[in-house]
Amino acid sequence: MSASETTAALLGRLERGETTSTALTESLLDRVAQHDESIGSFLTVNGETALETAAAIDAKRAAGERVGRLAGLPVALKDILCTKGEPTTCGSRMLEHFVPPYDAHVVERLRAEDAVLIGRTNMDEFAMDSSTENSAFQPTRNPWDTSRSPGGSSGGSAACVAAGFAPLSVGTDTGGSIRQPAAFCGVVGMKPTYGRVSRYGLVAFASSLDQIGPFAHDVHGAALLLEALAGPDERDATCIDRPVPEYTKSLDEPLAGLRVGIVPDHFGEGLDGEVDEAVREAINVYAEHGAKIVEIDLPHQKYSVAVYYLIAPSEASSNLARYDGVHYGRRAEEYTDLVDMYVASRSEAFGPEVKRRILLGTFALSEGYSDQYYNTALRVRRLIRRDFDAAFEKCDVILGPTTPTPAFGIGELVDDPLAMYLNDVYTIAANLAGLPAISLPCGFTKSGLPIGLHLQAPPFEEEGLLQAARTYERTTHWHERRTGLD
């Protein structure tokens, strides 16, 4: 059994009785034990419970009972999704000993669809940053080159799929935290429309931007996992109550008359030459298969990074105020009074990037500055969304690079926050506008690093977005490459 098999191939083998969920889970656990010390993709591996779940699913299948759509497939979870009885740390000392008493909605959905929850993946602390170096516990390394970053904040989820530790994983995306790691690690990663997937049980970073989504080796795997994750949930007021299409059923339908929008500004200063070349070749692939290439304009997208770094830290400042060492979260051992306890607990437990964003957000929301900064950012956010609405009158999807460069070196940008933030220059706007977006492999550099292709679609048009992504994937072979771990 190969760790590099696609979700569809593994499901086929399970359905035909050529293997069992127990055998598959055992092989992946062995692979994790053999290789993850050098990658660091997992914070927790649930070997015993995963094997118990796999055996129960095998028994259901053997008895002829109906099994869920994930039918015994191992799935890894980003360590920001509450799971009953298991530590949920968010990569932070603040929640090092936090054990939720309930499951997140997406965890409930995965259990209902007979997924085997194999472990919890590493992440930047509270999902803040783009390299998975800001975890309080360990860095994660890129399986293609362990001297490189896997991206972030969902770097552990991307790396574990790229390394063949799990065929599927779940991440979260606030400004590119699924798509940027997917590009760096040569896998498929998708951010659904805001409201398509319930955020109940997701530890909040920026509540108006956070969204949960899938990682997989190919578009089919991402579509299948999204089917399992998406759907209404009355416990999340922002979750939309509308039907979820069977994305895998329509995935290979031909897209006659597809209009692909190109933003010239996406190919300007700061874009790596090899990334530029690979993405332009992807445009040619679409054109050769009948797509109409349309030039569009997103005039306010140039403000996206600035807008994001006012809105996201402001919401983070509010959300993280709950971690005071009283109700839950780490409490300092030495303090003189209540205020000193708050200060000492938060100073000890939060890392430098989290502190930086709390300070930025608190300043932006402070009296005398909130209208100048936060409220102005909200108004520009609306203009960014209107630009997309106008663009989608001319095209069905917008195509461009996922990241301006391939994976950067571990430690290369740690002391340059602005350069780190600019890694999300192409992905942030989709979060601000609430759009679905996907990254898929479209090439490799001469040194063997993956390059990501970014597609965006109108709100709740995941079906068409997945079809457009699959149209490219069907005629190329980049998604079939695997790391040297094999």
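How much length, in nm to one decimal, is gained on full extension between Asp337 and Val67, taken as 0.36 nm per residue of separation minus their Cα-Cα distance?
Working: separation 270, 0.36 × 270 = 97.20 nm, distance 5.56 nm.
Length difference between fully extended and current span is 91.6 nm.
Full extension of the segment from Thr146 to Arg356, taken as 0.36 nm per residue of separation minus the current Cα-Cα distance, would add 72.8 nm. The protection proxy used here, the mean number of other Cβ atoms lying within 10 Å of each residue, ranks peptides 109-120, 402-413 as follows, highest first: 109-120, 402-413. Taking amide H positions as modeled 1.01 Å from N, with prolines and chain starts lacking one, the residues under 5 Å from Gly261 and 5 or more places away or on another chain are Val294, Asp396, Val397, Ile398, Leu399.
Cross-link reach is defined here as a Cα-Cα straight distance under 29 Å, omitting same-chain residues fewer than 8 places apart; for Lys78 the lysines meeting it are Lys60, Lys191, Lys249, Lys355. Taking the average, over residues, of other Cβ atoms within 10 Å as the packing measure, peptides 88-96, 152-160 rank 152-160, 88-96 from highest down.
Between Tyr102 and Glu412, the modelled labels are 4.3 nm apart [label points 7 Å from Cα along Cα→Cβ].
Normalised by the number of residues in region 247-350, the average gap of Cα pairs under 8 Å and 6 or more apart makes the relative contact order 22 percent.
Among the chymotrypsin sites (Phe, Trp or Tyr not before Pro) in region 77-157, those located in a DSSP loop and surrounded by at most 14 other Cβ atoms within 10 Å of their own Cβ are Tyr102.
Put simply, the amide H of Ile410, placed in the peptide plane, has neighbours under 5 Å in Arg148, Ser149, leaving out anything fewer than 5 places away on its chain.
Going by how many other Cβ atoms sit within 10 Å of their own, how do Phe388, Phe444, Phe460 line up, fewest first?
Values: Phe388 24, Phe444 17, Phe460 20.
Arranged by neighbour count, lowest to highest, Phe388, Phe444, Phe460 become Phe444, Phe460, Phe388.
Between the C-alpha center of region 398-473 and that of region 32-104 there is a gap of 27 Å.
With a sphere of radius 11 Å drawn around the Cβ of Asp265, what net charge do the other residues whose Cβ falls strictly inside it have (Lys, Arg +1; Asp, Glu -1)? Don't skip to the end; give the middle numbers.
On the way: positive: Lys302; negative: Glu269, Glu295, Asp297.
Taking every Cβ under 11 Å from that of Asp265, the sum is -2.
Each Lys or Arg adds one and each Asp or Glu subtracts one; over the other residues with Cβ under 13 Å from the Cβ of Gly119, this totals -1. Packing here is the average count of other Cβ atoms within 10 Å per residue, and on that basis the peptides 271-279, 185-193, 307-315, highest first, run 185-193, 307-315, 271-279.
Placing a pseudo-label 7 Å from each Cα along the Cα-to-Cβ vector at His289 and Arg481 gives an inter-label distance of 1.8 nm. Listed by chain and number, the aspartates and glutamates placed with their C-alpha closer than 14 angstrom to that of Lys446 are Asp145, Asp272, Glu274, Asp276, Glu277; residues fewer than eight positions away on the same chain are left out. Net charge of the neighbourhood of Gly64, taken over other residues with C-beta under 13 Å away and scored Lys/Arg +1, Asp/Glu -1, is 0. Partner lysines whose Cα lies under 22 Å from the Cα of Lys292, excluding those fewer than 8 positions away in the same chain, are identified as Lys394. Label-to-label distance for Gln34 and Glu15 is 2.9 nm, based on points extended 7 Å past Cα in the beta-carbon direction. Amide H to amide H, with H built 1.01 Å from N, Ser198 comes under 5 Å of Gly231, counting only residues 5 or more places away or on other chains.
R0 = 22 Å: FRET efficiency of Ala390 with Ala256, Cβ-based, nearest 0.05?
Details: r = 24 Å, r/R0 = 1.08.
Computed FRET efficiency for Ala390 and Ala256: 0.40.
Computed from the coordinates by the stated procedures, all read-outs in this text should not be read as laboratory data. All of these numbers come straight from a predicted model, not from anything done at the bench. All Cβ positions, glycine included, derive from the backbone under ideal geometry; neighbour counts span all protein chains shown.
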